[in-house]
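Asks: My structure is below; once you've seen it, I'll send some questions.
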Amino acid sequence: MIQTYKLNIVCPICNKPDGCLIAQDGSACICSRIEKDSVKRVGKGPFRGGWLHILADDFKPMKYETPPKPDIDWNALTVKYAYAILEKNNLLALGEYAHELGLSPWIVSRFNVGYLDGWITIPMYDRPGHIVGIQKRQKGFKRYMEHSGIGVFVPLDFFDYKSKTVAIVEGWSDAVAAKMYGMNVLGKPNFACGNEELVPFIAAIKPERALIFADDDRGNVNGNVGYGGAKETMFHLHSECKIRTKVQRLPRKDLRQCLNDGLTLKEIINAKEDNKS
């Protein structure tokens with residue numbers, strides 16, 4: 001299957017331009033957002049995670065074999081792009097993008113961001129110090145660089161932050177928002193993946209608890225996928241890291257929206273508690 005954005009089309013199920021796959025003959029697609037009327041859940045990667053929808057009566061399933069990945073030095077690319085962002089015009093582009101999101105450019109820079117041909121680049125890590133891929137962002141769009149692996153978004157000062165609580169969020173912009181709220185944070189790439197990659201970071205700092213923020217997707221046509229993903233993270237971390245875990249459903253769409261709307265951390269934490277273990 002092919003990523004929809006490479007074909008410059010929208011997903012036939014969710015009508016979004018990225019995050020989904022479609023068969024070359026158009027007979028089926030994997031939607032990363034909508035479960036309703038799907039055949040089954042498939043994959044967990046940043047591109048393949050989602051639900052299989054059959055679009056044609058003559059659909060014939062084919063076994064997919066992942067092609068071997070080239071040997072890419074993601075650390076070197078991250079450094080290269082980080083140097084590029086130091087150029088005046090690129091710094092201005094970063095500031096404008098942060099302003100559009102309602103985020104602090106200073107906090108944004110703590111995620112080792114870079115610049116490439118109009119895109120802001122953010123590295124993803126699968127264990128301390130090991131970059132496995134890069135996400136690219138610009139106005140209204142986010143992409144993963146080809147051959148990127150699954151990783152999490154980690155601030156540069158993650159290991160220096162002394163706190164009994166680590167925040168877990170969905171997405172890079174929410175991770176920046178969490179830092180602006182004064183929390184130590186790890187950001188999953190999406191609701192469906194990243195749980196395994198969280199474990200070595202949490203083990204390294206040994207917090208007493210993990211606070212997992214779930215997007216408020218109640219009533220959303222896509223279902224409660226964010227909340228469901230947060231609960232999976234809760235159970236996984238409780239089992240693997242042996243720490244207390246709690247899911248906090250946000251009173252807004254996501255943590256960045258809470259920040260933009262002026263909600264205090266206390267107001268967010270005092271919202272109705274959903275689950276803990």
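Asks: Quick test for you: out of Thr121, Thr78, pick the one residue that is part of a strand (DSSP E or B) and at pLDDT 95 or above.
Replies: Thr121
Asks: Hey, among Pro12, Pro17, Pro46, which residue is closer than 30 Å to Ser109 by Cα, at pLDDT 75 or above and not aliphatic (A, V, I, L, M)?
Replies: Sole residue among the options that is closer than 30 Å to Ser109 by Cα, at pLDDT 75 or above and not aliphatic (A, V, I, L, M): Pro17.
Asks: Okay, next question. Would you point out which residue out of Ile107, Ile122 is touching a helix residue (DSSP H, G or I) at 6+ places or on another chain (Cβ under 7 Å), hydrophobic (A, V, I, L, M, F, W, C) and buried (at least 22 other Cβ atoms within 10 Å of the Cβ)?
Replies: Ile122
Asks: Hey, another quick one. Six or more apart or on different chains, Cβ under 6 Å: which pairs go from a residue in region 48-75 that's farther than 16 Å from Ser38 by Cα to one that's hydrophobic (A, V, I, L, M, F, W, C) and modelled with pLDDT of 90 or more? Could you list them?
Replies: These pairs meet every condition: Trp74/Ile131; Asn75/Ile131.
Asks: On to the next question. Do you know which residues across region 76-102 are touching a helix residue (DSSP H, G or I) at 6+ places or on another chain (Cβ under 7 Å) and either under 16 Å from Gly140 (Cα atoms) or touching a residue at least 40 places away in the same chain (Cβ under 8 Å) (or both)?
Replies: Leu94, Gly95, Ala98, Leu101, Gly102
Asks: Right, here's the next one. For region 154-195, name all the residues that are under 18 Å from Thr121 (Cα atoms) and hydroxyl-bearing (Ser, Thr, Tyr).
Replies: Within region 154-195, just Ser173 meets the criteria.
Asks: Which condition number does Val169 fail, the rest of (1) surrounded by 15 or more Cβ atoms within 10 Å (Cβ to Cβ); (2) at pLDDT below 95 being met?
Replies: Looking at each condition in turn, Val169 falls short on (2).
Asks: Does region 124-146 contain any residue that is among the polar types (S, T, N, Q) and under 28 Å from Cys20 (Cβ atoms)?
Replies: Within region 124-146, one or more residues are among the polar types (S, T, N, Q) and under 28 Å from Cys20 (Cβ atoms).
Asks: Quick one: count up the residues across region 94-104 that are part of a loop (DSSP other than H, G, I, E, B) and crowded, with 16+ Cβ neighbours inside 10 Å.
Replies: Quick first cut of region 94-104, residues part of a loop (DSSP other than H, G, I, E, B) only: 102-104.
Checking which are crowded, with 16+ Cβ neighbours inside 10 Å leaves us with 103-104.
Selection size over region 94-104: 2.
Asks: Taking the criterion of being more than 24 Å from Asn8 (Cα to Cα), over 17 Å from the mean Cα position of the chain (by Cα), basic (Lys, Arg) and not in a loop (DSSP other than H, G, I, E, B), would at least one residue in region 83-93 satisfy it?
Replies: Taking every residue of region 83-93 in turn, at least one turns out to be more than 24 Å from Asn8 (Cα to Cα), over 17 Å from the mean Cα position of the chain (by Cα), basic (Lys, Arg) and not in a loop (DSSP other than H, G, I, E, B).
Asks: Give me the pairs: first residue in region 7-19 and farther than 15 Å from Leu52 by Cα, second residue at pLDDT below 85 and buried (at least 17 other Cβ atoms within 10 Å of the Cβ), beta-carbon distance under 7 Å, and six or more apart or on different chains, which are they?
Replies: Close Cβ pairs satisfying both conditions: Val10/Thr4; Lys16/Arg33; Pro17/Thr4; Pro17/Tyr5; Asp18/Thr4; Asp18/Tyr5.
Asks: While we're here: Kindly indicate whether any position in region 130-138 is part of a loop (DSSP other than H, G, I, E, B) and either of a type in the set (Lys, Arg) or at pLDDT below 95 (or both).
Replies: no
The values are calculated or read from the model by the stated rules, or taken from the named source; none is laboratory data. No experiment lies behind these values; they were computed from the predicted model shown. For neighbour counting, all protein chains shown are included, and Cβ atoms are generated from backbone atoms with ideal geometry for every residue, glycine included.
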